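A short write-up of the structure that comes next.
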Amino acid sequence: MEFTIKNWNITITSDKKEIVLTPESVTLDGLAIELPGEYEKSGCLMYAFSKNDEKLYHFRTEGYWIAYIPQILTDISTEALDFLGGVDILVMPGAKIMQPALEKVEPELLITYGESAHEIALALGAITEVVTKYKLKDADLSMEKTACVILG
């Protein structure tokens, strides 16, 4: 599974599937998902949540649960946290203000992007370089400490 970024849109490529994460929606192998609900396409199961200012996506591909938070949140509601459940990988814009939400979700791997992405990486104690492409390795996932990748 590979994560790439272009114009603040993140593309996840896996098993001949393409998932595009934009600030407004998610496109699952050509299917644009803009409304809350449950979706399935090309063997990928996706759930979309939207309430008040929270818009979240949670999907399973290649055996991993991936969550996407497209906007900066200062906190995350209990309802949204329940929606996310167990997350292996969290994709979200980076800003130190997102740290409380991140600590509640507790992903094994954070993939972050944006002008302030380095802030959340530093808050996690991660020193990482900015990359435009990241290929997932099982060794990057750890239950002990959240690893961090900055896309830019």
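A few notes on this one:
- Here the stretch 2-151 has an Rg and Dmax of 14.0, 37 Å, counting Cα atoms alone.
- Magnitude of the charge dipole, the stretch 2-151, Cβ model with Lys/Arg +1 and Asp/Glu -1, debye to 20: 320 debye
- Using C-alpha pairs below 8 Å separated by at least 6 residues, the relative contact order for the stretch 2-151 is 17 percent.
- For LEU122, neighbours were defined as the other residues whose beta-carbon sits under 15 Å from its Cβ, and their charges (Lys and Arg +1, Asp and Glu -1) total -2.
- Orientation-averaged projected area, Cα convex hull of the stretch 55-98 (nm²): 3.0 nm²
- Under 14 Å, Cβ to Cβ, from GLN99 - net charge with Lys/Arg +1 and Asp/Glu -1: -2
Read-outs: derived from the displayed coordinates by stated rules, not from any lab. If you're wondering where the values come from, they're calculated on a predicted model, not measured in any experiment. FYI the Cβ positions are ideal-geometry reconstructions off the backbone, even for glycines, and counts take in every protein chain you see.
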